[in-house]
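Below: the structure, in structure tokens.
The values are calculated or read from the model by the stated rules, or taken from the named source; none is laboratory data. In this text the structure is predicted, and so the values were computed from the model without any measurement. FYI the Cβ positions are ideal-geometry reconstructions off the backbone, even for glycines, and counts take in every protein chain you see. These accessible areas exclude ligands, DNA and RNA; they are computed on the full protein's heavy atoms, side chains included. Shrake-Rupley method; radii C 1.70, N 1.55, O 1.52, S 1.80 Å.
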Amino acid sequence: MIVIVPYQREWPGEFERLGRALRAALGGLAMRIDHSDSTSVAGLASKSIIDMQFTTLDLTAELDAAITEAAYDRLVHILPDHVPPGASDEPEQWAKWFYN
């Protein structure tokens with residue numbers, strides 16, 4: 001069951017803590033790590049889960065191992081991102097990995 005809670009002032013700090021740990025685990029494998037989705041919007045009610053998105057040049061076994069080592073489990077049943085209208089529909093350009 002999804003529960004929506006009022007905005008929590010702790011969410012940005014929680015992202016900073018989680019982001020630092022993930023940056024340390026990934027090193028140069030991640031180009032950037034962003035706080036994403038509803039907990040990143042000040043004042044917005046949300047489910048109380050900090051979502052992070054990171055950008056990398058390639059989805060590699062080394063990257064997967066580093067994220068797994070950081071205690072995240074890959075959700076292998078979720079693979080592609082949506083393809084924006086007019087963009088190339090080549091699957092490798094829209095690959096996305098999700099972790100929990």
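Observations on the structure shown:
- From L59, L63, L26, L18, residue being touching a residue at least 40 places away in the same chain (Cβ under 8 Å) and either loosely packed, with under 15 Cβ neighbours inside 10 Å or in a helix (DSSP H, G or I) (or both): L26
- Test: residue in the stretch 78-96 that is open to solvent by 50 Å² or more (accessible area, probe 1.4 Å), more than 20 Å from L18 (Cα to Cα) and in contact with a Pro (Cβ under 6 Å, 6 or more places away or on another chain): yes
- Subset of the stretch 43-83 [among the β-branched types (V, I, T) and in contact with a Ser or Thr (Cβ under 9 Å, 6 or more places away or on another chain)]: I49, I50
- For the stretch 2-15, a residue qualifies if it is open to solvent by less than 60 Å² (accessible area, probe 1.4 Å) and hydrophobic (A, V, I, L, M, F, W, C), and the qualifying residues are V5, W11, F15.
- Some residue of the stretch 35-43 being at pLDDT 95 or above, out of contact with any helix residue (DSSP H, G or I) (no Cβ under 6 Å at 6 or more places or on another chain) and at positive phi: yes
- Taking each residue of the stretch 71-83 that is at pLDDT below 85 and looking for partners that are open to solvent by 80 Å² or more (accessible area, probe 1.4 Å) with beta-carbon atoms closer than 6 Å, six or more apart or interchain, yields V83/D89.
- Taken over the stretch 29-56, the residue count meeting the criterion of being more than 26 Å from V3 (Cα to Cα) and either in a loop (DSSP other than H, G, I, E, B) or open to solvent by less than 40 Å² (accessible area, probe 1.4 Å) (or both) is 3.
- All positions within the stretch 68-77 that are surrounded by 11 or more Cβ atoms within 10 Å (Cβ to Cβ), out of contact with any Leu (no Cβ under 7 Å at 6 or more places or on another chain) and farther than 23 Å from I2 by Cα: T68
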